[in-house]
1. Amide H to amide H, which residues 5 or more places from Gly413 or on other chains are under 5 Å from it, using H placed in the peptide plane?
2. Evaluate the charge dipole of the chain about its Cα centre and quote only its size in Debye, nearest 20, assuming +1 on the Cβ of each Lys and Arg and -1 on the Cβ of each Asp and Glu.
3. Can you work out the Karplus-derived ³J(HN,Hα) for every residue in region 416-426? Use 6.51 cos²θ - 1.76 cosθ + 1.60 with θ = phi - 60°, whole Hz, and x for glycine or proline.
4. Given Leu58, Leu405, Gly103, which one lies farthest toward the positive end of the charge dipole of the chain, if we put +1 on the Cβ of every Lys and Arg and -1 on the Cβ of every Asp and Glu?
5. For region 122-240, what is the Kirkwood estimate of the hydrodynamic radius, computed as the reciprocal of the mean inverse distance between distinct Cα atoms, to one decimal in Å?
6. If you place +1 on the Cβ of every Lys and Arg, -1 on the Cβ of every Asp and Glu, and leave all else neutral, what size is the dipole of region 307-432 about its Cα centre, to the nearest 20 Debye?
7. Non-local amide H neighbours of Gln354 (under 5 Å, H modeled in plane, Pro and chain starts lacking H): which ones?
8. Determine how many Å³ per residue the convex hull of the Cα atoms of the chain encloses.
Amino acid sequence: MAARSTSRRKSGRNEEVPPSFRSREERYAAGKRLREQIPRERHANWKSGRQRDMVAILEQSNRDRLQELVPIRYGRMLKSPFTFLRGSAALMAHDLSQLPHIGARVQACGDCHLLNFGLFATPERNLVFDLNDFDETLPAPWEWDVKRLVASFAVAARDGGATDAQAHQVACRCARAYREHLRRFSKMNPLEVWYSRLDAQTLLDEAPDAKARKFRKQLFDRARERVMESVFPKITGQVAGQPRIVDQPPVIQHVADPDFFARVQKAMLAYRESLSDERRVLLDRYRLVDAALKVVGIGSVGTRCYIGLLFSEENHPLILQFKESCRSVLEPYAGKSQYDNQGQRVVMGQRLMQSSSDIFLGWVRGGAGHDFFVRQLRDMKMSVPLENIDATQLERYADYCGLTLARAHAKSGDSATISGYLGKGEIFDEAMGRFALAYADQTERDHEQLVKAQRRGRVKVLYEED
């Protein structure tokens, strides 16, 4: 946690007050003093000449992946600088670890780019906007999430044809939203922060005009269609009169090992133990009938990911996703997780950062020693489409991402100290705008280096058909 005042305050037994119980004013003042150690302007700095073997860092992050799927990962990364950024969380973690930070730690997302925010369903079936990817979550400096987020906006803006001035503006807008909302959350009591959420109705009510309201409503309607009833017919079919997952290689395919299904059944029993008692009762209403390998995402390609098809006694479908959890890319720089099971690390980080989480969220260690976290497949989960989004729309989206990240950090970290450091002015916002452009330049250079590595045969690439 952040450095705080060491002064004593009288309590009933004349004890020293724990740092977390010092007043907001004391913690805010401690944050202001940290500006003397690390001026806020310094966060703009990125030295493009930093020496690191980009391909070696990416190859290290591939070490525990299914090697036959790594070429697909590279193929997805090579589509554009933005897809490269999405797939190179390990590389940016290395870069961020060399930059200054004030010592205030939060539960960090670890892969905080703009497409790891989006819509999904709460257990009450309400549609909310929140962070939705936690594969790399770990306690770490708050600056790392903010810098990855603003850089992703700058890269995405450029990919969409925006000028550097527009990319700078959207990055500043995101940083300002984070700063202003973190200050607001720092004035709330802990329960108010935990109860805070951004739901679809609020987003509709805040639409600035009829065009924006229409766009948001259409997006929400599409998200509400991404439920089990719509997913099920797209990935299943009848085999010998029984419903089964349909192979769609290389994205979805059954595992050839004849013992695979038995191992999944055993893993289901272990996963069940990670759930609370009432959710075990719910899970027990379903039985597993099939399982298959599924390739997901960009950064996650090559990790072991399986889907399980289950049915209730009345043949209502449920599809669970078992996604492998490797060690966080932040671990070499932020330290190991307190959880031995990396799936549990992901689940606990998700519960801590999100306003509400999937009722089937749990974890398991497979028989081969691989850790997994478990959740429903999709369940209204949807990212905001970037195609044809203009600079004004991107700025509005940046506002919501900054707000959401501020709330997530306020739940676990010392928002008062961080707010004291950030202050009321725009010094930090401008620094983030400059950093975002500098790192966008770096991302474009790294993307080109990966293209050259492919041409030289240093990495193998497989492009999928659109």
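1. For Gly413, whose amide H was placed from the backbone, the distant partners under 5 Å are Gln107.
2. Values: 73 positive and 61 negative charges, 241 e Å.
It comes to approximately 1160 debye.
3. 5, 5, 5, 5, x, 5, 6, x, 9, x, 9
4. Of the candidates, Gly103 comes out farthest on the positive side.
5. Working: mean 1/r = 0.0559 Å⁻¹.
This gives a value of 17.9 Å.
6. Working: 13 positive and 16 negative charges, 92 e Å.
Using only the charged Cβ atoms, the result is roughly 440 debye.
7. Amide H neighbours of Gln354, under 5 Å, 5+ apart: none.
8. Numbers: hull volume 75.1 nm³, N = 466.
Normalising the Cα hull of the chain by residue number yields 161 Å³.
Each reported figure results from applying straightforward, stated rules to the coordinates on display, with no laboratory input. All values reported here derive from a predicted model rather than from experimental measurement. Here the Cβ is made from the backbone with ideal geometry for all residues, glycine too, and neighbour counts use every protein chain on show.
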